[in-house]
Amino acid sequence: MKVIKVKDQVEGGKEALKVFKEALDNGVKVFGLATGSTPETTYDELVKSDIDFSNSISVNLDEYVGLKPEDEQSYAYFMKEHLFNAKPFAKSFLPNGMAEDADQECERYDKLLEEYHVGLQLLGIGRNGHIGFNEPGSSFDGKTHKVALTQSTINANSRFFDNEEDVPKYAYSMGIGTIMKSDTILLEAFGKNKAEAVKAMIEGPVTPEVPASVLQNHPDVVVIIDEEAASLLK
Ligand code: F6R
(Lines give C-alpha, C1' and ligand atoms only; values in the text may rest on other atoms or scores of the structure.)
Protein backbone atom coordinates (compact mmCIF):
# COMPACT_ATOMS: atom_id res chain seq x y z
CA MET A 1 0.00 0.00 0.00
CA LYS A 2 1.18 3.46 -0.83
CA VAL A 3 0.10 5.79 1.98
CA ILE A 4 -0.17 9.52 1.28
CA LYS A 5 -0.64 11.66 4.38
CA VAL A 6 -2.29 15.03 3.98
CA LYS A 7 -3.23 17.86 6.32
CA ASP A 8 -6.98 17.59 5.92
CA GLN A 9 -9.80 16.43 3.70
CA VAL A 10 -9.51 19.39 1.34
CA GLU A 11 -5.89 18.57 0.63
CA GLY A 12 -6.93 14.92 0.32
CA GLY A 13 -9.29 15.86 -2.50
CA LYS A 14 -6.45 17.56 -4.35
CA GLU A 15 -4.24 14.45 -4.02
CA ALA A 16 -7.09 12.26 -5.22
CA LEU A 17 -7.54 14.49 -8.27
CA LYS A 18 -3.94 13.68 -9.24
CA VAL A 19 -4.70 9.94 -9.02
CA PHE A 20 -7.75 10.34 -11.26
CA LYS A 21 -5.77 12.40 -13.78
CA GLU A 22 -3.01 9.82 -13.88
CA ALA A 23 -5.56 7.05 -14.41
CA LEU A 24 -7.12 8.91 -17.34
CA ASP A 25 -3.67 9.58 -18.81
CA ASN A 26 -2.95 5.85 -18.51
CA GLY A 27 -6.08 5.01 -20.46
CA VAL A 28 -8.40 3.94 -17.65
CA LYS A 29 -11.95 3.84 -19.02
CA VAL A 30 -14.01 2.52 -16.09
CA PHE A 31 -14.12 4.26 -12.72
CA GLY A 32 -15.61 2.63 -9.62
CA LEU A 33 -17.13 5.33 -7.43
CA ALA A 34 -18.19 5.69 -3.81
CA THR A 35 -20.59 7.92 -1.90
CA GLY A 36 -20.60 9.23 1.67
CA SER A 37 -18.87 12.27 3.12
CA THR A 38 -15.33 11.04 2.45
CA PRO A 39 -15.20 11.53 -1.36
CA GLU A 40 -16.99 14.89 -1.30
CA THR A 41 -13.83 17.01 -1.61
CA THR A 42 -12.54 14.66 -4.30
CA TYR A 43 -15.70 15.21 -6.32
CA ASP A 44 -15.41 18.98 -5.69
CA GLU A 45 -11.90 18.89 -7.17
CA LEU A 46 -13.00 16.75 -10.13
CA VAL A 47 -15.86 19.18 -10.81
CA LYS A 48 -13.53 22.21 -10.68
CA SER A 49 -10.95 20.50 -12.89
CA ASP A 50 -10.76 20.28 -16.67
CA ILE A 51 -11.23 16.52 -16.54
CA ASP A 52 -13.57 15.16 -19.18
CA PHE A 53 -15.40 11.92 -18.33
CA SER A 54 -17.63 11.97 -21.40
CA ASN A 55 -15.83 8.92 -22.80
CA SER A 56 -15.61 7.14 -19.44
CA ILE A 57 -17.89 4.70 -17.64
CA SER A 58 -18.74 4.82 -13.95
CA VAL A 59 -19.96 2.00 -11.72
CA ASN A 60 -20.90 2.71 -8.13
CA LEU A 61 -20.19 0.50 -5.17
CA ASP A 62 -23.59 0.42 -3.61
CA GLU A 63 -27.15 1.69 -3.26
CA TYR A 64 -29.79 1.51 -0.55
CA VAL A 65 -32.62 -0.96 -1.00
CA GLY A 66 -36.00 0.76 -1.23
CA LEU A 67 -34.91 4.21 -2.35
CA LYS A 68 -35.77 5.55 -5.80
CA PRO A 69 -33.02 7.34 -7.75
CA GLU A 70 -34.95 10.61 -7.30
CA ASP A 71 -34.92 10.21 -3.51
CA GLU A 72 -32.53 12.77 -2.08
CA GLN A 73 -31.01 10.15 0.22
CA SER A 74 -30.31 7.68 -2.58
CA TYR A 75 -26.78 7.22 -3.78
CA ALA A 76 -27.97 7.80 -7.36
CA TYR A 77 -29.10 11.29 -6.29
CA PHE A 78 -25.87 11.89 -4.37
CA MET A 79 -23.78 11.06 -7.44
CA LYS A 80 -25.78 13.43 -9.65
CA GLU A 81 -25.49 16.26 -7.15
CA HIS A 82 -21.79 15.79 -6.42
CA LEU A 83 -20.42 14.73 -9.79
CA PHE A 84 -22.59 13.62 -12.69
CA ASN A 85 -24.54 16.86 -13.24
CA ALA A 86 -21.27 18.73 -13.70
CA LYS A 87 -19.19 15.92 -15.20
CA PRO A 88 -21.36 13.47 -17.11
CA PHE A 89 -19.94 10.06 -17.98
CA ALA A 90 -20.77 8.21 -21.21
CA LYS A 91 -22.60 5.69 -18.99
CA SER A 92 -23.11 5.56 -15.24
CA PHE A 93 -24.33 2.52 -13.35
CA LEU A 94 -25.54 1.94 -9.79
CA PRO A 95 -27.42 -0.98 -8.30
CA ASN A 96 -31.19 -0.43 -8.61
CA GLY A 97 -32.55 0.02 -5.10
CA MET A 98 -36.11 -0.50 -6.38
CA ALA A 99 -35.44 -3.83 -8.11
CA GLU A 100 -38.22 -6.34 -7.44
CA ASP A 101 -35.99 -9.37 -7.31
CA ALA A 102 -32.80 -9.00 -5.27
CA ASP A 103 -31.08 -12.06 -6.74
CA GLN A 104 -31.74 -10.93 -10.28
CA GLU A 105 -30.51 -7.43 -9.47
CA CYS A 106 -27.25 -8.78 -8.04
CA GLU A 107 -26.79 -10.99 -11.10
CA ARG A 108 -27.44 -8.04 -13.42
CA TYR A 109 -24.88 -5.91 -11.62
CA ASP A 110 -22.25 -8.65 -11.62
CA LYS A 111 -22.66 -9.13 -15.38
CA LEU A 112 -22.23 -5.43 -15.84
CA LEU A 113 -19.08 -5.43 -13.70
CA GLU A 114 -17.66 -8.23 -15.84
CA GLU A 115 -18.37 -6.22 -18.96
CA TYR A 116 -16.89 -3.03 -17.51
CA HIS A 117 -13.71 -3.99 -15.70
CA VAL A 118 -12.85 -1.29 -13.16
CA GLY A 119 -9.54 0.47 -13.76
CA LEU A 120 -9.64 2.76 -10.72
CA GLN A 121 -11.86 2.07 -7.73
CA LEU A 122 -12.48 4.81 -5.19
CA LEU A 123 -13.29 3.67 -1.64
CA GLY A 124 -14.08 5.11 1.75
CA ILE A 125 -13.87 3.07 4.92
CA GLY A 126 -16.45 2.57 7.65
CA ARG A 127 -15.57 2.97 11.31
CA ASN A 128 -15.85 -0.81 11.61
CA GLY A 129 -13.53 -1.31 8.64
CA HIS A 130 -16.23 -1.92 6.03
CA ILE A 131 -15.64 -1.18 2.37
CA GLY A 132 -18.67 -0.74 0.15
CA PHE A 133 -21.26 -2.21 2.47
CA ASN A 134 -19.18 -5.29 3.11
CA GLU A 135 -19.54 -5.43 6.85
CA PRO A 136 -17.20 -7.35 9.21
CA GLY A 137 -17.42 -11.08 8.51
CA SER A 138 -18.07 -10.64 4.75
CA SER A 139 -16.42 -13.15 2.46
CA PHE A 140 -13.28 -11.97 0.67
CA ASP A 141 -14.62 -13.69 -2.50
CA GLY A 142 -17.99 -11.97 -2.41
CA LYS A 143 -19.85 -10.70 -5.45
CA THR A 144 -22.74 -8.22 -5.53
CA HIS A 145 -25.17 -9.03 -2.74
CA LYS A 146 -27.99 -7.62 -0.63
CA VAL A 147 -26.65 -6.72 2.79
CA ALA A 148 -28.35 -6.15 6.11
CA LEU A 149 -26.56 -3.07 7.44
CA THR A 150 -25.13 -3.32 10.94
CA GLN A 151 -26.45 -1.10 13.71
CA SER A 152 -23.18 0.86 13.76
CA THR A 153 -23.51 1.64 10.05
CA ILE A 154 -27.20 2.55 10.46
CA ASN A 155 -26.23 4.88 13.32
CA ALA A 156 -23.45 6.46 11.26
CA ASN A 157 -25.82 6.97 8.30
CA SER A 158 -28.63 8.39 10.41
CA ARG A 159 -26.98 11.82 10.29
CA PHE A 160 -28.24 12.15 6.71
CA PHE A 161 -31.87 11.36 7.60
CA ASP A 162 -34.53 13.22 9.62
CA ASN A 163 -35.49 10.13 11.63
CA GLU A 164 -33.47 7.03 12.41
CA GLU A 165 -36.46 4.91 11.30
CA ASP A 166 -36.03 6.33 7.79
CA VAL A 167 -32.49 4.99 7.46
CA PRO A 168 -32.61 2.01 5.11
CA LYS A 169 -31.73 -1.30 6.74
CA TYR A 170 -30.55 -3.01 3.55
CA ALA A 171 -28.31 -2.11 0.66
CA TYR A 172 -26.92 -3.68 -2.48
CA SER A 173 -23.15 -3.73 -2.47
CA MET A 174 -20.39 -4.85 -4.77
CA GLY A 175 -18.59 -7.73 -3.09
CA ILE A 176 -15.04 -7.73 -1.84
CA GLY A 177 -14.02 -10.22 -4.55
CA THR A 178 -15.12 -7.76 -7.23
CA ILE A 179 -13.54 -4.76 -5.53
CA MET A 180 -10.25 -6.68 -5.38
CA LYS A 181 -10.34 -7.24 -9.16
CA SER A 182 -10.00 -3.49 -9.82
CA ASP A 183 -6.62 -2.62 -11.32
CA THR A 184 -5.98 0.23 -8.88
CA ILE A 185 -7.74 1.06 -5.62
CA LEU A 186 -7.78 4.51 -4.07
CA LEU A 187 -9.02 4.52 -0.46
CA GLU A 188 -9.57 7.77 1.40
CA ALA A 189 -10.11 8.26 5.14
CA PHE A 190 -10.43 11.52 7.01
CA GLY A 191 -11.04 12.39 10.64
CA LYS A 192 -10.37 10.97 14.05
CA ASN A 193 -13.29 8.55 13.97
CA LYS A 194 -11.57 6.63 11.16
CA ALA A 195 -8.21 6.29 12.98
CA GLU A 196 -8.87 2.84 14.46
CA ALA A 197 -10.18 1.41 11.20
CA VAL A 198 -7.17 2.85 9.33
CA LYS A 199 -4.74 1.32 11.81
CA ALA A 200 -6.46 -2.08 11.59
CA MET A 201 -6.50 -1.89 7.77
CA ILE A 202 -2.79 -1.06 7.43
CA GLU A 203 -1.11 -2.57 10.47
CA GLY A 204 -3.50 -5.29 11.61
CA PRO A 205 -3.86 -8.87 10.44
CA VAL A 206 -5.71 -9.57 7.20
CA THR A 207 -9.06 -10.78 8.49
CA PRO A 208 -12.71 -10.69 7.41
CA GLU A 209 -13.36 -9.01 10.77
CA VAL A 210 -11.75 -5.91 9.21
CA PRO A 211 -12.91 -6.06 5.59
CA ALA A 212 -10.53 -3.28 4.45
CA SER A 213 -7.53 -5.30 5.68
CA VAL A 214 -7.92 -7.43 2.52
CA LEU A 215 -6.41 -4.49 0.63
CA GLN A 216 -3.02 -5.54 2.03
CA ASN A 217 -3.29 -8.38 -0.53
CA HIS A 218 -3.89 -6.07 -3.51
CA PRO A 219 -0.85 -5.08 -5.59
CA ASP A 220 -1.85 -1.47 -6.33
CA VAL A 221 -3.52 0.45 -3.50
CA VAL A 222 -3.16 4.15 -2.77
CA VAL A 223 -4.40 5.33 0.62
CA ILE A 224 -4.97 9.04 1.22
CA ILE A 225 -5.40 9.90 4.91
CA ASP A 226 -5.38 13.08 6.91
CA GLU A 227 -3.44 13.64 10.13
CA GLU A 228 -6.35 12.62 12.35
CA ALA A 229 -7.09 9.40 10.51
CA ALA A 230 -3.34 8.59 10.59
CA SER A 231 -2.99 9.43 14.29
CA LEU A 232 -2.87 5.82 15.58
CA LEU A 233 -0.38 4.52 12.98
CA LYS A 234 3.06 3.51 14.20
C1 F6R B 1 -20.24 4.42 0.23
C2 F6R B 1 -19.58 3.26 0.82
C3 F6R B 1 -19.21 3.19 2.26
C4 F6R B 1 -18.54 4.47 2.77
C5 F6R B 1 -18.21 4.36 4.24
C6 F6R B 1 -17.66 5.64 4.80
O7 F6R B 1 -20.47 4.23 -1.14
O8 F6R B 1 -19.37 2.33 0.11
O9 F6R B 1 -18.34 2.11 2.46
O10 F6R B 1 -17.39 4.71 2.03
O11 F6R B 1 -19.36 4.01 4.97
O12 F6R B 1 -18.66 6.61 4.80
P13 F6R B 1 -18.32 8.16 5.03
O14 F6R B 1 -17.48 8.57 3.88
O15 F6R B 1 -19.66 8.85 5.00
O16 F6R B 1 -17.62 8.25 6.33
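Tabulated values for the structure
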item	result
Options Thr144, Thr184: the member that is under 23 Å from Asn96 (Cβ atoms), β-branched (Val, Ile, Thr) and surrounded by 18 or more Cβ atoms within 10 Å (Cβ to Cβ)	Thr144
Odd one out for Val10 among (1) more than 21 Å from Leu112 (Cα to Cα); (2) in a loop (DSSP other than H, G, I, E, B)	(2)
Check on Tyr75, crowded, with 20+ Cβ neighbours inside 10 Å, at pLDDT 95 or above and either among the hydroxyl-bearing types (Ser, Thr, Tyr) or away from the ligand (no atom under 13 Å from the Cβ) (or both)	yes
Test: residue in the range 169-192 that is of a type in the set (Asp, Glu) and free of Cβ contacts under 8 Å to residues at least 40 places away in the same chain	no
Number of positions in the range 123-141 that are buried (at least 18 other Cβ atoms within 10 Å of the Cβ) and at negative phi	11
Subset of the range 28-45 that is within 12 Å of the ligand (Cβ to nearest atom) and among the aliphatic types (A, V, I, L, M) - its residue that is farthest from Glu188 (Cα to Cα)	Leu33
Residue under evaluation Gly97, criteria (1) buried (at least 19 other Cβ atoms within 10 Å of the Cβ); (2) within 17 Å of the chain's Cα centre (by Cα); (3) under 21 Å from Ser182 (Cα atoms); (4) not aromatic (Phe, Trp, Tyr), criterion not met	(3)
Every pair of residues 6+ apart whose Cβ atoms lie under 8 Å, when the first sits in the range 15-27 and is touching a residue at least 24 places away in the same chain (Cβ under 8 Å) while the second is in a helix (DSSP H, G or I)	Ala16/Thr41; Ala16/Thr42; Ala16/Glu45; Leu17/Thr42; Leu17/Glu45; Leu17/Leu46; Phe20/Thr42; Phe20/Leu46
Residue pairs meeting the criteria (Cβ under 7 Å; at least 6 apart or on separate chains; first closer than 15 Å to Leu61 by Cα, in the range 30-45; second aromatic (Phe, Trp, Tyr) and within 11 Å of the ligand (Cβ to nearest atom))	Thr35/Tyr75; Thr35/Phe78; Thr38/Phe190
Residue check for Pro88: over 16 Å from Asp44 (Cα atoms), surrounded by 15 or more Cβ atoms within 10 Å (Cβ to Cβ) and at pLDDT 95 or above	no
Tally, over the range 1-58, of residues that are loosely packed, with under 13 Cβ neighbours inside 10 Å and at positive phi	1
Pick from the range 67-95, criterion touching a residue at least 60 places away in the same chain (Cβ under 8 Å) and touching a helix residue (DSSP H, G or I) at 6+ places or on another chain (Cβ under 7 Å), ranking: farthest from Val30 (Cα to Cα)	Gln73
Test: residue in the range 90-108 that is out of contact with any Phe, Trp or Tyr (no Cβ under 9 Å at 6 or more places or on another chain), within 21 Å of Phe161 (Cα to Cα) and within 11 Å of the ligand (Cβ to nearest atom)	no
Every residue from the range 110-149 that is aromatic (Phe, Trp, Tyr) and within 15 Å of the ligand (Cβ to nearest atom)	Phe133
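The values are calculated or read from the model by the stated rules, or taken from the named source; none is laboratory data. The model shown is predicted, which means the values in this text are computed figures rather than measured ones. Backbone-built Cβ (ideal geometry, glycine too); neighbour counts: all protein chains shown.
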